[in-house]
Every structure is written in C-alpha cells, then in structure tokens.
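Nothing in this text is a laboratory measurement; each read-out follows from the coordinates by a stated rule. Everything numeric here is computed off the predicted structure, so don't read it as measured data. When we count neighbours, we look across all protein chains shown, and the Cβ atoms used for this are built from the backbone with ideal geometry, even at glycine.
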Amino acid sequence: MNKETTDPRFKIAHREAWIGIGLAIFNFIWWFGFAYGLGSRPVEDYTYIFGLPDWFFYSCVVGFILISILVIIITKFFLTEVSFDEEEDV
C-alpha cells in the first residue's frame, strides 16, 4: 500500500494546508475589497483615520490585526502538533 494513504499525518497536513489557503484567500479578499472598494473614490472624498486614508487603514492596518488574531486562534485551536519521527511498523 502507498505510504501516503496509510500515514495519518498526511490527512492532517492536507487539512491544515487547506486552512492556510483559506486564510490567504480571506486576507486577499479583505485587502482587495477595502483597498479598491474605498480607494477608488476621488481623493477629495477620502476620510482619514489616524492620518491615514480610510481605505488604507481598513485594508492594511485593520486587515493585518484581524489576520494576526485569526492565525493565532486557528493555530491554538485547529492545528495539530505532528511528530516528524518515522514510525516503524512492528
């Protein structure tokens, strides 16, 4: 039998890879939505938060904080520690 199909670590790795891809896609959609959604207005219509244009503040500052918190939560509650040591069949 193929070792990849029998080793449970591969199933865990695939699930965690999909979680990582999901986070990256969410991050891009968040950034793109605010950067190009709010940033496509004329400069005269911008509002400013802490001296930054609102589109930049929401896409880059809030986005970074949100993704950082999500990564911490997902790492703490959804990812599994896996041993990389070879297990010998007895």
Inset, instruction - List the GluC sites (Glu not before Pro) within the range 10-90 that fall in a DSSP loop (any state other than H, G, I, E or B) and whose Cβ has at most 16 other Cβ atoms within 10 Å. - result: 81, 86, 87, 88
Legend entry - 3J(HN,Hα) from dihedral phi, the range 19-29, Karplus parametrisation 6.51/-1.76/1.60, rounded to Hz, x for glycine, proline: 4, x, 5, x, 5, 5, 5, 4, 4, 5, 5
Inset, instruction - Please list the non-local residues whose amide H lies under 5 Å from the amide H of residue 49, H modeled 1.01 Å from N, same-chain partners needing a gap of 5 or more. - result: 54
Legend entry - Cα-derived Rg over Rh, computed across the range 19-77 with Rh taken as Kirkwood radius: 1.08
Inset, instruction - Grab the DSSP H runs of the chain that are 4 residues or longer, score each as -39,500 (n - 2.57), total them, divide by all residues and round the 222 nm result to the nearest 500 deg cm²/dmol. - result: -18000 deg cm²/dmol
